Amino acid sequence: MIIVIIPAHADIMPPGMKSFDRCVKISNIEEFPDVVFIGYITGPVIRCENPYIISSDECLTQFYKANDLTIYAVDRDYLDKTGLENIDFETDPNILGYTLEINPDWEYTIIANPLVKEEIYYSIAGFNDTELILYESKKISRYVGLPDRTEIFEEPEVNDLRLTINSSLPDSQENSPDLRKSENFTEDLDLSSPRETETAQSSILDEVVCYFKDLFGAVRG
């Protein structure tokens with residue numbers, strides 16, 4: 001007996017239901033040039049590139065409906081140093097993830113529904129200490145015999161949201177306040193030097209005047 005596992009649309013559909021295509025994209029990746037976004041699939045049937053680099057113009061995939069897709073944000077410098085093949089997506093503390101809650105490849109609905117395709121766009125809101133923050137920003141529903149429907153969604157309010165994957169500032173920015181303090185301290189010393197010289201010269205002049213006062217007894221200031 002040969003058991004063949006056929007993914008996606010070949011799965012047995014419930015009575016009275018039909019499948020429709022879905023394309024999910026992340027629309028604003030270019031706004032985060034220092035971060036690489038990676039799709040990582042877990043589940044029983046994985047027969048595609050995994051993990052894979054995500055781009056704004058390509059649809060996401062989890063290959064099989066029983067799989068899960070998690071999108072990870074990885075600092076570009078860290079990825080270049082470590083290598084994609086060496087990252088443990090289950091345990092690495094240097095990456096931030098978001099698990100997609102929908103099947104990005106397809107879905108099913110009742111046969112009477114004229115819907116034939118969905119295009120869903122997610123946007124990156126930013127990061128916090130533990131997560132990549134994504135939200136559904138736009139959905140286009142395409143129908144047979146009806147006009148397309150476009151829905152726009154607002155960005156949610158998220159506490160402690162930041163736009164950089166690392167919570168610390170770059171070294172150059174972190175060190176700049178101390179550098180400025182050092183420069184100011186040096187400048188203060190340079191500015192005070194002429195005043196100290198002038199004071200020393202005045203003291204010598206006073207001593208000379210006092211000497212002549214004592215010598216002649218008639219010299220007045």
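Which of the residues that make up region 129-160 are closer than 28 Å to ASP77 by Cβ and either open to solvent by 70 Å² or more (accessible area, probe 1.4 Å) or modelled with pLDDT under 95 (or both)?
ASP129, THR130, GLU131, GLU155, VAL158, ASN159, ASP160
Considering only strands (runs of 3 or more DSSP E) fully contained in region 70-158, which possess at least 1 residues that are polar (S, T, N, Q) and touching a Leu at 6+ places or on another chain (Cβ under 8 Å)?
Counting at least 1 such residues, we get 96-99, 106-110, 115-127, 132-143.
Go through (1) modelled with pLDDT of 95 or more; (2) open to solvent by 80 Å² or more (accessible area, probe 1.4 Å) for ASN113 and report which single condition fails.
The one condition ASN113 does not meet is (2).
Looking only at region 25-51, how many residues end up being farther than 19 Å from GLU155 by Cα, at pLDDT 95 or above and out of contact with any Phe, Trp or Tyr (no Cβ under 8 Å at 6 or more places or on another chain)?
Looking only at that region, the number is 5.
Give me the pairs: first residue in region 1-23 and within 20 Å of PRO104 (Cα to Cα) and part of a loop (DSSP other than H, G, I, E, B), second residue of a type in the set (Gly, Ala, Ser) and at pLDDT 80 or above, beta-carbon distance under 7 Å, and six or more apart or on different chains, which are they?
MET13/SER19
Which of the residues belonging to region 87-109 are of a type in the set (Ser, Thr, Tyr) and farther than 23 Å from ILE12 by Cβ?
Passing the criteria: THR91, TYR98, THR99.
Going residue by residue through region 56-77, is there one that turns out to be over 30 Å from SER141 (Cβ atoms), within 19 Å of the chain's Cα centre (by Cα) and open to solvent by 80 Å² or more (accessible area, probe 1.4 Å)?
Looking for residues that are over 30 Å from SER141 (Cβ atoms), within 19 Å of the chain's Cα centre (by Cα) and open to solvent by 80 Å² or more (accessible area, probe 1.4 Å), one finds at least one in region 56-77, hence yes.
Need pairs with beta-carbon distance below 8 Å; first residue within 13 Å of VAL36 (Cβ to Cβ) and within region 74-91, second open to solvent by 100 Å² or more (accessible area, probe 1.4 Å); sequence gap 6+ or separate chains.
Final answer for the pair search is ASP75/ASP34; ARG76/ASP34; ASP77/ASP34.
Out of curiosity, is ILE87 of a type in the set (Val, Ile, Thr) and under 24 Å from LEU163 (Cβ atoms)?
Yes.
The values are calculated or read from the model by the stated rules, or taken from the named source; none is laboratory data. Quick caveat: nothing in here was measured; it's all calculated off a predicted structure. With ideal geometry, Cβ positions are generated from the backbone for all residues, glycine too; neighbour counts draw on all protein chains shown. Areas reflect the complete protein model, heavy atoms only, side chains present, ligands, DNA and RNA absent. Shrake-Rupley method; radii C 1.70, N 1.55, O 1.52, S 1.80 Å.
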